[in-house]
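The values are calculated or read from the model by the stated rules, or taken from the named source; none is laboratory data. Just so it is clear, the structure is predicted and the values come from calculations on it, not from any experiment. No Cβ is skipped: glycine too gets one built from the backbone with ideal geometry, and neighbour counts run over all protein chains shown.
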């Protein structure tokens with residue numbers, strides 16, 4: 001099936017550092033979403049993007065919908081211990097109902 | 001109780017048995033989705049309901065999988081003749097409308113087929 005290429009696969013950072021992760025695809029998406037998933041829980045929606053070029057913030061999180069509609073990035077500023085988890089990008093293809101997910105970025109924060 | 005709820009949280013069954021997984025969406029959300037998540041992977045779309053009807057079941061892997069939503073609220077995912085490869089976390093999500101794409105997920109049901 002359709003794949004989203006999400007990178008990096010994992011990140012080991014120090015508390016207080018900024019984090020950046022991204023997703024790319026060969027297909028055009030009309031919506032990009034970023035989720036965070038903790039162990040044993042379902043994904044929690046962080047940010048939703050609907051327009052090419054859109055830049056949206058949610059607290060320390062900032063995400064952008066790429067101009068080509070084939071990519072998106074998520075930045076986390078001044079990371080804190082509770083940011084640990086797996087971050088997923090997800091996109092909705094034009095005409096599709098379900099979301100297509102990346103494989104996730106595993107964020108690990110060293111104190 | 002504002003979120004999506006799923007029961008059971010864990011289900012262990014023997015190969016060949018039948019299982020039912022239940023999803024209770026956010027009140028007022030007309031769109032309901034089922035996904036399957038294998039270890040180390042992102043969720044994969046299975047089926048989408050708009051109201052009572054299955055509007056898109058293109059993600060169901062085979063005819064052993066079936067889902068219903070008879071009254072347009074609660075949904076049940078049914079798996080017949082379970083196989084070990086069906087072991088995964090089954091996630092349900094709902095959205096206010098399907099157009100905007102914001103889907104809110106439940107905690108999932110971890111299915112283990114022995």
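Taken as a whole, the structure leaves residue A:98 outside the set of residues that are assigned to a loop (DSSP other than H, G, I, E, B), surrounded by 14 or more Cβ atoms within 10 Å (Cβ to Cβ) and at pLDDT 95 or above. Taking the range B:78-114 as the range and being more than 10 Å from every other protein chain (Cβ to nearest Cβ), over 14 Å from residue B:38 (Cα atoms), surrounded by 14 or more Cβ atoms within 10 Å (Cβ to Cβ) and under 13 Å from the mean Cα position of the chain (by Cα) as the test, the residues that pass are B:79, B:94. A single entry from A:109, A:67 fulfils the requirement of being surrounded by fewer than 18 Cβ atoms within 10 Å (Cβ to Cβ) and either out of contact with any strand residue (DSSP E or B) (no Cβ under 6 Å at 6 or more places or on another chain) or over 18 Å from residue A:45 (Cα atoms) (or both): A:67. Taken together, the residues in the range A:65-83 that are more than 17 Å from residue A:105 (Cα to Cα) and either outside any loop (DSSP other than H, G, I, E, B) or within 14 Å of the chain's Cα centre (by Cα) (or both) amount to 3.
With the requirement that a residue be touching a strand residue (DSSP E or B) at 6+ places or on another chain (Cβ under 7 Å) and either assigned to a loop (DSSP other than H, G, I, E, B) or at pLDDT below 95 (or both), what does the range B:32-47 give you? Correct list: B:38, B:42, B:43.
Every listed requirement among (1) within 14 Å of chain A (Cβ to nearest Cβ); (2) touching a helix residue (DSSP H, G or I) at 6+ places or on another chain (Cβ under 9 Å) is met by residue B:19 save one, (1). Annotation: of all residues in the range B:48-77 being under 19 Å from residue B:7 (Cα atoms) and in a loop (DSSP other than H, G, I, E, B), the one that is nearest to the other protein chains (Cβ to nearest Cβ) is B:69.
Starting from residues that are at the interface with chain B (Cβ under 7 Å from one of its Cβ atoms) and farther than 18 Å from residue B:98 by Cα, keep the ones in the range A:27-42 and report whichever is farthest from the chain's Cα centre (by Cα). That would be A:41.
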